[in-house]
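Notes to accompany the following structure.
The values are calculated or read from the model by the stated rules, or taken from the named source; none is laboratory data. Predicted model, so just to flag it, every value in this text is computed and none were measured. Quick reminder, even Gly has a Cβ in these numbers, built from the backbone with ideal geometry, and neighbours come from all protein chains shown. The protein model used for the area step is the full one, side chains on, heavy atoms only, and it has no ligands, DNA or RNA in it. Shrake-Rupley method; radii C 1.70, N 1.55, O 1.52, S 1.80 Å.
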Amino acid sequence: MKCPKCGAEVEDTARFCNRCGYPLTGAAKEKPKVRVVEGAKDAAPSDDIDAAVHKAAQERNADQTHPMPASDATYPQADAASGNDAATRIASGPMAKTVQVEEPPTQVMDYETYITAPATEAVFQPEEETDPSMGLDRIDAEDLGSDATATELEPLAVPAEDVPADGAPSDAQDLPASIPQEAPDDAQRRKRGRRTQAIIMAIAAAILACALGWYGYQQEWWGGVTVPDVTGMQVDEATRTLQDAGFAVDVQLSYVDSGDGYVLAMVTPAGGRMARGSTVSIDVGQLRTIPDVVGMAKDDAVAALAEIGASSFHYEYKNSSEAEDTVLAVNPAAGSTFSSSDTITLTLAQGYQVPDLIGMTESAAVAALKKAGLAANVVYVEAERMAGTVDSTDPAAGTAVSAGTTVTLNVAQGSDAEAASSLSNANHVADYFSATSQDVASFLEQQGYALVYGARDADGYAECTYTKEYAGTLAFTSHPHTKAQTSGSAEDVLSEGATIAGVQLTLDGADVGAGAVSQDGLSAVMGACGLSSAEATVSSSSSSSQGTTSADASSQTTDASKGASSSSSSSAAASDGSSSASNASSATAQGRSYICAAGESGDLVWTVLLYQQSGSSSVSVVVTCGPKDFYTGKGLSSMEEIARYAATTYLG
């Protein structure tokens with residue numbers, strides 16, 4: 001056979017290559033074993049046994065060579081000094097591996113085994129192949145007697161550094177390619193499999209935990225509760241909704257023109273997550289309400305009103321003993337609701353001053369002085385101004401005075417021609433029917449009235465309205481019991497000769513001495529307007545007072561010729577008390593108290609209405625005058641019916 005390394009021819013039974021020393025593993029060989037048995041029958045002489053053993057050792061080793069490093073191996077040598085030529089010594093220490101050494105040439109060693117105890121038999125048996133890397137065989141002495149000593153042949157010592165770690169020859173690259181490589185270890189594969197399985201399970205557990213966490217978050221098991229959107233809800237409903245979701249509610253108010261009590265906005269944003277029990281703030285609308293600013297200084301009152309949204313103010317001044325610019329009154333009254341676009345009127349205190357009364361009629365000037373907290377002293381003088389009007393005052397207008405100071409009114413007496421004119425007082429409504437339309441226009445201009453509306457109705461009658469500060473509003477109209485129009489076109493139809501069909505005068509009761517809705521107030525108005533002889537009176541009081549009221553009104557009449565008529569009217573008014581009571585109930589239901597009287601003046605019929613809104617301290621006055629035919633055409637035949645018609649039509 002050939003050595004697989006160097007290609008040298010070797011014996012089929014050789015275990016090592018004779019040339020390179022490469023271990024031959026391909027052939028299975030039978031190697032003899034030597035066993036010495038003590039006391040065997042027919043034992044050969046000891047000399048023969050020794051020779052046989054020696055021969056067997058030589059034969060066994062004749063075909064084997066062992067390359068050994070010259071520097072490290074210890075070779076057996078005969079001990080010449082001791083004379084023991086037959087003794088063989090083996091280097092102590094086990095041989096780890098067989099290594100290849102190129103130089104020097106291999107040496108063949110002969111091994112001899114000496115049996116120190118007598119033996120009776122040597123038996124040679126085939127020996128199983130041993131690992132070539134072990135090097136030498138040994139003599140099995142297990143069957144030797146107790147006195148026998150078996151000597152094992154120790155392998156040569158080889159330096160550890162010359163032995164490859166894996167037991168393969170150092171020139172491993174020269175190994176035949178056909179030598180199979182070792183397969184991966186199953187334990188490693190199982191270990192890697194377990195590690196992979198653990199990683200997969202950990203990833204799956206993490207995914208499951210994330211899914212459960214997300215689901216719990218969506219179900220609000222953790223991470224807080226979603227704040228619901230309650231914008232636009234009524235405050236009670238919004239509060240319940242938030243409390244049901246687990247929140248406390250903080251209501252903040254904002255002033256609005258409309259939407260009182262509704263959620264305007266979420267101060268805490270809706271849709272976010274908050275812990276249960278957290279406080280959610282909402283902004284709720286509240287209507288603006290006039291605060292109580294009476295008694296405040298002007299600037300403080302304006303600031304308080306502006307804080308809640310007021311932006312438009314109007315100021316009126318009134319003589320008062322209070323400090324200047326102290327708020328005496330506010331309109332709308334305190335507690336009333338208002339819009340941010342409404343104009344708030346503040347009445348402010350000023351030191352007592354004489355008002356401007358020039359051109360006013362005597363009665364209007366007197367009323368204005370009374371309203372200003374002053375007294376009047378009327379003096380008639382010759383003047384160019386229209387008779388009955390104020391030509392001058394003493395002290396003059398704008399003079400600072402103390403409360404209750406008497407002011408002299410110089411009223412123009414006029415010429416004889418002017419004195420003969422029927423127009424002397426703007427409040428005398430019946431006098432306008434005795435003058436031409438042009439005279440009325442001139443008179444009103446001289447009295448200081450301004451035209452605010454002027455037109456003609458479908459029948460060509462005058463429809464016009466005049467106003468003046470500190471005086472009443474005069475309207476010339478064919479519908480004297482409806483509220484006059486105060487804006488629109490301003491055509492001077494009276495100067496153009498338009499016919500007057502009816503007259504309406506509206507006053508503040510305080511300007512003409514009517515401080516209450518009463519018989520005394522009614523009488524004061526009638527006197528200021530030149531009216532007398534009330535023939536019927538209706539009111540919001542009980543019907544049982546109607547007869548007495550009419551009689552009292554008759555007693556105020558200064559025209560003696562009307563006495564009989566007044567007496568007869570008294571019984572007529574008393575007999576129709578049930579109708580008056582019914583009408584009074586209607587007016588009372590509307591929150592007003594009133595009293596209304598009616599009477600005749602030639603072919604004219606006049607009415608005087610005093611009324612007061614519930615909760616108000618002021619009294620309003622409406623005086624009308626018109627042809628009797630106007631009422632006849634409406635089917636009204638009695639003064640009581642006319643008085644009731646005048647009250648219910650105007651008050652609506």
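Would you please name the residue that is least open to solvent (accessible area, probe 1.4 Å), looking only at residues in the stretch 613-630 that are over 18 Å from TYR432 (Cβ atoms) and outside any loop (DSSP other than H, G, I, E, B)?
Step one: list which residues in the stretch 613-630 are over 18 Å from TYR432 (Cβ atoms), which gives 613-620.
Next, from what is left, pick out any that are outside any loop (DSSP other than H, G, I, E, B): 613, 620.
Working: GLN613: 84, SER620: 38 Å².
Per the criteria, the residue is SER620.
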Looking at ARG456 and the list (1) closer than 15 Å to GLN485 by Cα; (2) crowded, with 17+ Cβ neighbours inside 10 Å, which single condition is not satisfied? (2)
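Please determine, by comparing only the residues of the stretch 497-521 that are under 60 Å from the mean Cα position of the chain (by Cα) and not small (Gly, Ala, Ser), which one is most open to solvent (accessible area, probe 1.4 Å).
Looking only at the stretch 497-521, we keep the residues that are under 60 Å from the mean Cα position of the chain (by Cα), and these are 504-518, 521.
Checking the rest, the ones that are also not small (Gly, Ala, Ser) come to 504-508, 511-512, 517.
On the way: GLN504: 5, LEU505: 0, THR506: 36, LEU507: 20, ASP508: 58, ASP511: 30, VAL512: 23, VAL517: 40 Å².
The extreme case among them is ASP508.
Go through the stretch 591-612 and give me each residue that's under 60 Å from the mean Cα position of the chain (by Cα) and either surrounded by 13 or more Cβ atoms within 10 Å (Cβ to Cβ) or modelled with pLDDT of 90 or more (or both). Steps first, please.
Kept after step one, since they are under 60 Å from the mean Cα position of the chain (by Cα), are these residues of the stretch 591-612: 591-596, 608-612.
Residues satisfying the conditions are ARG592, SER593, TYR594, ILE595, CYS596, VAL608, LEU609, LEU610, TYR611, GLN612.
To keep it simple, each residue is scored yes or no on (1) open to solvent by 30 Å² or more (accessible area, probe 1.4 Å); (2) charged (D, E, K, R); (3) touching a Lys or Arg at 6+ places or on another chain (Cβ under 8 Å); (4) assigned to a strand (DSSP E or B).
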residue: ALA198; (1), (2), (3), (4): yes, no, no, no
residue: LEU208; (1), (2), (3), (4): yes, no, no, no
residue: TYR255; (1), (2), (3), (4): yes, no, yes, yes
residue: VAL293; (1), (2), (3), (4): no, no, no, no
residue: ASP299; (1), (2), (3), (4): yes, yes, no, no
For the stretch 488-539: of the residues being within 26 Å of ASP629 (Cα to Cα), in a loop (DSSP other than H, G, I, E, B) and among the β-branched types (Val, Ile, Thr), which is modelled with the lowest pLDDT? VAL493
Hits in the stretch 257-291 - residues which are of a type in the set (Ser, Thr, Tyr), assigned to a loop (DSSP other than H, G, I, E, B) and under 15 Å from the mean Cα position of the chain (by Cα): THR268, SER278
Check whether at least one residue in the stretch 381-391 is at pLDDT below 85 and under 21 Å from THR506 (Cβ atoms), and report yes or no. yes
When SER487 is run through (1) of a type in the set (Gly, Ala, Ser); (2) over 60 Å from the mean Cα position of the chain (by Cα); (3) open to solvent by 60 Å² or more (accessible area, probe 1.4 Å), the failure sits at (2)
Please determine whether any residue of the stretch 469-480 is more than 18 Å from GLY626 (Cα to Cα), open to solvent by 40 Å² or more (accessible area, probe 1.4 Å) and acidic (Asp, Glu). yes
Pull out all pairs, ordered by first then second residue, where Cβ-Cβ is under 6 Å, the residues are six or more apart or on different chains, the first lies in the stretch 371-388 and is more than 27 Å from ALA400 (Cβ to Cβ) and in a loop (DSSP other than H, G, I, E, B), and the second is open to solvent by less than 50 Å² (accessible area, probe 1.4 Å) and of a type in the set (Val, Ile, Thr). GLY388/THR361
In the stretch 181-196, residue farthest from GLY246 (Cα to Cα) [restricted to those that are assigned to a helix (DSSP H, G or I) and open to solvent by 100 Å² or more (accessible area, probe 1.4 Å)]: ARG189
Could you tell me which numbered condition ALA450 fails, if it satisfies all but one of (1) buried (at least 19 other Cβ atoms within 10 Å of the Cβ); (2) modelled with pLDDT of 90 or more? (1)
Do the conditions hold for ASP229, that is, is it part of a strand (DSSP E or B), among the charged types (D, E, K, R) and either open to solvent by less than 30 Å² (accessible area, probe 1.4 Å) or at pLDDT 90 or above (or both)? no
